[in-house]
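The values are calculated or read from the model by the stated rules, or taken from the named source; none is laboratory data. Here the structure is a predicted model, which is why all the values come from computation and not from measurement. A quick note on method: Cβ atoms are made from the backbone with ideal geometry, for glycine too, and the neighbour counts reach across all protein chains shown. Calculation scope for accessible area: heavy atoms of the full protein, side chains included, ligands and nucleic acids excluded. Shrake-Rupley method; radii C 1.70, N 1.55, O 1.52, S 1.80 Å.
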Amino acid sequence: MNGRIKYMALVVCLALLALSFKPDNGSDHDFIFPEPFAFSIHDLGWMDGNNDGYGDLTGPYRAGVDRRFDVKDYKAIVEIAEKAGVRIRGLFILAELDRLNVLKNYPTTTWERNQWDNRENIGPEQIEIMEFVKNHSAHLEFGLHGVAHEYWPEDGKRKRAEWYNTEDKEPWPQEKMMNHIRAIKKIMSQYGLSKEEGHSFPESFDPTASGYYWNPEGEYSTGSLMDQQGVKYVSTAFGAISELDPPKGANAGGVDNGVLVICKIGGGVAWYRYSTLPHTPLKEQTCNMLRLHFPNWLAQDDFLQESVNQDFIKYYRKVQRSPNRYAAKNTEQFYSQWLYQKYAEVQSSGEGQIIIDNRNMPDEIYQHELLGNMVVKIDLKEGEHIQNASINNKSIASYFEDQGYGFLYLPPLEKKKYRVSYQVGSEIHMPHVYNDGTYNVYHFSHDPDKGTRIKVRVYGDQKLKIRNVPNYQSGEVASSNKNLKINQISYSEEKRELTLSLRAHDIQGETGIIKLEQSGRNNP
């Protein structure tokens, strides 16, 4: 019996040793395959914050605060995003941005129906706000929420909500929904945000009051409506539409007629509260996407705004320090990581080796172009960096360091297996894009004889930093996309860093290939 007890004790000890084993990659550094984090901000776009929907009133609920919004409120959000290194997902309500009263032609969109008159909101403040949003698309995404949040089927009658009838649990007529889309496009065009002006329809959409018509097997759904316009990414609270049998569980989500729809949580924050961070701790958040509302980001008085900004910046840094989360740089990257978390198998094979099996990724994800970069992060001690990293013996897409971690951004993965190799050291040897911006690098290659190729998606004005490469002159650098302009080139001999100042025209981003070829080389 004593021998059996000793044997069992030995088995337990070996099991505990196995659980605590860290793969030896030369410096005893584990990799982490983190879940993404992002905020969505609902109800941007209102000019007036007052609630005209409470009690017997049938107007809009707006933001629930006694306030006139102006450009400084948007400047606060962009300041937070710049310091946090993210492109925040803004969801806009457009009714009070209407400068031509076009909404009177789409009566279900507003409480005044065909008597719509927005003259009290028409002024330079609207133009100032929208110009600021257009010029800061690197850090604030222009996404869609709705026209005026609710649905007005007849005079004096308001129904919840704009995109799905959550009161009667039935969809609104498809043609009525198309009218709301037409109204949105009319208002966007008043600010030069039209196809004719080179701008796309928003890629992000959250339905108001989580009223989403989930119908992936049918021809008509909110997804089919939005997919036709170019929307790719949606988040909603599936509990609001339980009668439609939507995805269930933590981090639930799925594809509805070409659109990727995932769950969101509110973090326990009331929509009308000023300057409020999520109450739900990071470890207890059951969805990766956190929804807040416009007032939550703002101070009640201007002199307090800087303190509020710092609170949000600290929150983002807390996310970056969290072992199992990271702050996604933009919406596309967030949703891509969500997909990899759901379908890819990621494990260590020791010695700085990561095995990724992406063969379970559904075909429809590729058909609808929903997949971008995968991110892994590696814990670094002070003075340490990722010396070299590769995927299937080719360059990774980009690299970044923050809050004690090295972040490897991998190129969009096909349906196959991959091996990622990395080494930790005191210096970075590999040529790479150092991505401290909010853009996406899809492909990076560098050859001393053939030059450098970078496929990138850029939002707004960005600085593309390419390290451990030689200097290139202006005539040696080119963009394949005329709407992705290279405005300036600079080089640091000390860092061996080439910096390209880029500008994307489309408010939703521009994709192109940046080619760097030194004169006198034998280039293809």
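Pairing the Cα long axis of helix 305-321 with the longest principal axis of the chain, what angle in degrees results, from 0 to 90 and rounded to the nearest 10?
The helix 305-321 is inclined about 40 degrees to the chain.
For residue 283, go through the aspartates and glutamates and keep the ones whose alpha-carbon is under 17 Å away, minus same-chain ones fewer than eight residues off.
35
Quick one: grab the alpha carbon gyration tensor of the range 184-287, order the square roots of its eigenvalues as a ≥ b ≥ c, and give me rounded if a/c is under 1.5, else prolate or oblate depending on whether a/b is larger than b/c.
Oblate shape, in that a/c is at least 1.5 and b/c is the bigger or equal ratio.
Residue 67: net charge of surrounding residues, Cβ under 10 Å, Lys/Arg +1, Asp/Glu -1, itself excluded?
-2
Simple spin-label model, 7 Å along Cα-to-Cβ: residue 417 to residue 473 in nm?
Placing both labels 7 Å beyond Cα along the Cβ direction yields 4.9 nm.
On full extension of the chain, what length is gained from residue 127 through residue 279, given 0.36 nm per residue of separation minus the C-alpha to C-alpha distance?
Extending this stretch completely gives an extra 51.2 nm.
Can you give me the % of accessible surface on the range 403-521 that is carbon or sulfur? Probe 1.4 Å, all protein chains present, nothing else counted.
In the range 403-521, the share of accessible area belonging to carbon and sulfur is 42 percent.
Once label points are set 7 Å from the Cα along Cα→Cβ at both residue 306 and residue 100, what is their separation, rounded to one decimal in nm?
4.3
Pull out the extension gain between residue 82 and residue 243, defined as 0.36 nm times the separation in residues minus the alpha carbon to alpha carbon distance; nm, one decimal.
Taking residue 82 through residue 243 to full extension adds about 53.9 nm, to one decimal.
Once you place label points 7 Å from the Cα toward the Cβ at residue 197 and residue 157, how far apart are they in nm?
Between residue 197 and residue 157, the label points sit 3.7 nm apart.
Among all the lysines, which ones have a C-alpha under 23 Å from residue 232's C-alpha, if same-chain residues fewer than 8 places away are not counted?
Partners found: 134, 176, 185, 186, 195, 248, 264, 329, 342, 415, 455.
Report, to the nearest 10°, how far helix 331-343 tilts away from the longest principal axis of the Cα atoms in the chain, using its own Cα long axis and a range of 0 to 90°.
The angle comes out near 60 degrees.
Note down the relative contact order for the chain as a percent, whole number, built from C-alpha pairs under 8 angstrom at least six residues apart.
14
Rounded to the nearest whole Å², what accessible area per residue is found for the range 28-88 with the 1.4 Å probe?
33
I'd like the carbon and sulfur percentage of the solvent accessible area for the range 107-251, probe radius 1.4 Å, heavy atoms only, ligands and nucleic acids excluded.
C and S atoms contribute 43 percent here.
Calculated from DSSP H runs of 4 or more alone, at -39500 (n - 2.57) each and per residue, what is the 222 nm mean residue ellipticity of the chain, nearest 500?
Mean residue ellipticity, 222 nm, calculated: -6000 deg cm²/dmol.
Can you pull the Rg over Rh of the range 118-237, Cα-only, Kirkwood?
0.98
Take each of the peptides 367-373, 258-264, 161-167, average the number of other beta-carbon atoms within 10 Å over its residues, and list them starting from the highest.
258-264, 161-167, 367-373
If we count every other residue with Cβ under 12 angstrom of residue 323's Cβ, Lys/Arg +1 and Asp/Glu -1, where does the sum land?
Net of charged neighbours comes to +2.
Could you state the accessible area per residue of the range 403-482 in Å², with a 1.4 Å probe and every protein chain left in place?
Computed with neighbouring chains in place, this is 41 Å² per residue.
What's the FRET efficiency of residue 50 with residue 71 using the Cβ-Cβ distance as r and R₀ = 25 Å, to the nearest 0.05?
Working from the Cβ atoms, E equals 0.85.
Whole Å is fine, so just give me how far the alpha carbon centre of the range 207-251 lies from that of the range 30-74.
Using only Cα atoms, the two centres lie 20 Å from each other.
If I take R0 = 45 Å and measure r between the Cβ atoms of residue 169 and residue 353 in this structure, what FRET efficiency does the formula 1/(1 + (r/R0)^6) give, to the nearest 0.05?
The formula returns an efficiency of 0.30 here.
What is the list of residues in the range 271-306 whose amide nitrogen lies under 15 Å from a point 7 angstrom out from the Cα of residue 321, following Cα to Cβ?
Correct set: 282-283.
Listed highest first by mean packing, meaning other Cβ atoms within 10 Å per residue, what order do 230-236, 149-155 come in?
Final packing ranking: 230-236, 149-155.
How large is the Kirkwood hydrodynamic radius of the range 262-411, counting all unique pairs of alpha carbons, in Å?
17.7
For residue 392 and residue 494 in the same chain, what is the full-extension length gain: residue separation times 0.36 nm, less their Cα-Cα distance, in nm?
Taking residue 392 through residue 494 to full extension adds about 33.7 nm, to one decimal.
Before I look further, what does the range 270-310 give for accessible area per residue, probe 1.4 Å, in whole square angstrom?
51
Quote the relative contact order of the range 18-138 in percent (integer), defining contacts as alpha-carbon pairs under 8 Å separated by 6+ residues.
24
Of the heavy-atom accessible surface of the range 274-323 (probe 1.4 angstrom), what whole percent is carbon and sulfur?
Carbon and sulfur together cover 49 percent of it.
Students often get this wrong, so try it: which of (1) 64, 54, 48; (2) 80, 78, 50; (3) 99, 65, 49 is Cα extents along the principal axes in Å as calculated from the structure shown?
(2)
Can you give the net charge of the other residues whose Cβ lies under 11 Å from the Cβ of residue 89, counting K and R as +1 and D and E as -1?
Its environment carries a net charge of -1.
Relative to the longest principal axis of the C-alpha atoms of the chain, give the angle of the C-alpha long axis of helix 124-135, reported between 0 and 90° and rounded to the nearest 10°.
20
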